Amino acid sequence: MALGGFYIWTIAYGLMKNAGKIYHGNQLGSNLVKEDGGGVSTRQESKLSVSVKPVEEVAQNQIEVPLLHDKRGNLWEKLNGLLHNIVDELMAPPTVAAITGFVVGAIPWLKSLFIGASAPLRVVESSIKLLGDGTVPCITLILGGNLTQGFHKSRIKSTVILAIVCVRYVILPVFGIGVVKAAYELGLVPYDPLYRYVLMIQFALPPAMNIATMAQLFDVGQDECSVIFLWTYVVATVALTIWSTIFMWILA
């Protein structure tokens with residue numbers, strides 16, 4: 001679960017952030033076009049001067065200019081843009097928090113400064129933990145708001161919702177059984193049935209609530225997220241019961 005949270009707040013966070021930028025850019029462009037209306041073409045036509053020169057004379061007076069295509073410049077611009085994107089991804093708050101936590105936890109003397117009953121800077125660790133505990137009810141409230149919005153009419157087709165539900169509650173649990181069994185046969189997972197049950201049940205859970213938080217944060221895909229969350233959580237009440245029974249029967 002910790003690795004899943006790390007993945008969501010790094011990779012998925014970056015994807016949602018980029019999608020939000022693209023979506024808002026397209027919305028801004030479409031709004032500008034709607035505001036201009038049909039007056040753009042008329043204004044542009046009025047500014048154009050009418051040429052009375054023959055076509056042959058114009059063609060003779062034209063000068064051919066070779067196109068300059070600097071491959072090195074284009075390569076450097078692409079590399080520079082790629083580096084800027086990587087830096088932006090690394091400077092995202094979840095990524096910075098994950099890297100900082102990894103560094104503090106990996107270095108023993110630095111860990112002893114923040115974590116422990118006798119740590120001199122334990123107030124920092126307790127404050128961060130207090131803020132982290134507050135995120136759980138906040139995410140639950142956001143989830144509840146998304147579920148109520150899911151009753152409204154959406155542009156998502158019913159076939160898309162059905163495909164998401166089938167992948168989430170049919171294909172993934174079957175795939176999870178194979179993964180856990182293969183890991184057990186290879187000796188990567190202990191014999192403990194409860195441990196293997198927890199691993200299997202991870203594949204049958206509904207979508208993470210953090211996705212709804214990101215949709216609200218970047219103001220992108222909120223309606224679609226609401227509808228998907230509504231139906232996946234409705235089906236989860238039945239799917240979790242069925243798959244829990246199947247998993248316990250397999251591990252019995």
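Computed from the coordinates by the stated procedures, all read-outs in this text should not be read as laboratory data. Here the structure is a predicted model, which is why all the values come from computation and not from measurement. Ideal geometry is used to build each Cβ from the backbone, glycine not excepted, and the neighbour counts take in all protein chains shown.
Laid out as a table, the results:
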| item | result |
| --- | --- |
| Extension gain from R122 to A92, taking 0.36 nm per residue of separation minus the Cα-Cα distance | 8.3 nm |
| Extension reserve of the H24-A106 stretch, reckoned as 0.36 nm per residue once the Cα distance is removed | 25.6 nm |
| The range 151-252: trypsin sites (Lys or Arg not before Pro) falling in loop per DSSP and having at most 13 other Cβ within 10 Å | K153, R155, K157 |
| Whole-percent pair-distance distribution, where bins are 5 Å wide, for the alpha carbons of the range 136-252 | 2, 11, 19, 18, 16, 13, 10, 7, 3, 1 |
